[in-house]
Amino acid sequence: MDGRHSLELALPGASIGAVAGAMAGGLTLFAGQPTGMAALSALSLALPLALFGGLYGVLLGHGVFRPGTFGPVGLYWVVAFPVARLAQESLVGIGLADGVLPFLAYQAMVSLGFAIGFVWLHERIMPHWLIRRAAANPVAKDLLGLYVRHAGMLRARKGARR
């Protein structure tokens, strides 16, 4: 897989991470923080979440994760989300008053909620992106085939219940 193919697989997850980080930073503005602090907060969370979101797409393309599964992805975000939040707090420096370990433990708990939202969005965006890229990207074509087989399996299960 060349670099362009990996970058193409990373784009949906990186976009989700960047938007989520920017929205969280926007909440600091809504909470009454100065504009500069809100912008720094948004950027310092959007960048690591975009990096980890993009890495998820690449790992999905390499077969580390499978479409339609949550457990491994939840474990991925239990590590990645606290690291992203620690990077943000290292720059912004507001939430580490109780120490690093309690902060990381709390962020690990919160990360599962983030993981659910991330997977839900990614599972809705990625197949459409793969359809667009499958003709020029063989890895995208293979991953799209996994999504199609997964959808067929779900449809068969649903039909068997009726």
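Condition check ((1) part of a helix (DSSP H, G or I); (2) among the charged types (D, E, K, R); (3) modelled with pLDDT of 95 or more) across all residues:
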site	(1), (2), (3)
L47	yes, no, yes
S90	yes, no, no
D98	no, yes, no
I116	yes, no, yes
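Close Cβ contacts (under 9 Å, 6 or more residues apart or on different chains) running from residues in region 138-161 that are farther than 16 Å from R66 by Cβ to residues that are in a helix (DSSP H, G or I) comprise P138/H5; K141/L130; K141/R133. Against the conditions (1) surrounded by fewer than 15 Cβ atoms within 10 Å (Cβ to Cβ); (2) outside any helix (DSSP H, G or I); (3) not polar (S, T, N, Q), P67 satisfies every one except (1).
Just so you know, in region 116-130 the residues that are surrounded by 20 or more Cβ atoms within 10 Å (Cβ to Cβ), within 14 Å of A14 (Cα to Cα) and aliphatic (A, V, I, L, M) include one that is farthest from the chain's Cα centre (by Cα), and it is M126. Listed conditions (1) surrounded by fewer than 20 Cβ atoms within 10 Å (Cβ to Cβ); (2) in a helix (DSSP H, G or I); (3) among the basic types (K, R) are all met by R85, apart from (1).
Only one of the numbered conditions (1) of a type outside the set (S, T, Y); (2) exposed (fewer than 13 other Cβ atoms within 10 Å of the Cβ); (3) under 30 Å from H5 (Cα atoms) is not met by P102, and that is (3).
Among the residues of region 136-154, just one is outside any helix (DSSP H, G or I) and surrounded by 15 or more Cβ atoms within 10 Å (Cβ to Cβ), namely N137. Being among the small types (G, A, S), at pLDDT below 95 and touching a helix residue (DSSP H, G or I) at 6+ places or on another chain (Cβ under 7 Å) is a property that does not hold for A14. Of all residues in region 124-135, those that are assigned to a helix (DSSP H, G or I) and out of contact with any Pro (no Cβ under 7 Å at 6 or more places or on another chain) total 7. Each residue in region 88-99 was checked for being of a type in the set (V, I, T) and either farther than 24 Å from L43 by Cα or surrounded by fewer than 13 Cβ atoms within 10 Å (Cβ to Cβ) (or both), and 1 of them qualify.
All of R157, R133 fail the test of being exposed (fewer than 14 other Cβ atoms within 10 Å of the Cβ) and either basic (K, R) or within 12 Å of L9 (Cβ to Cβ) (or both), apart from R157. Considered as a group, the residues in region 85-123 that are in contact with a Lys or Arg (Cβ under 9 Å, 6 or more places away or on another chain), hydrophobic (A, V, I, L, M, F, W, C) and free of Cβ contacts under 8 Å to residues at least 24 places away in the same chain include one that is nearest to I16 (Cα to Cα), and that residue is L104. When A115, A50 are checked against the criterion of being hydrophobic (A, V, I, L, M, F, W, C) and in contact with a Ser or Thr (Cβ under 9 Å, 6 or more places away or on another chain), a single residue qualifies: A50.
The values are calculated or read from the model by the stated rules, or taken from the named source; none is laboratory data. Computed from a predicted structure; not experimentally measured. Note: ideal-geometry Cβ built from the backbone for every residue, glycine included; neighbour counts use all protein chains shown.
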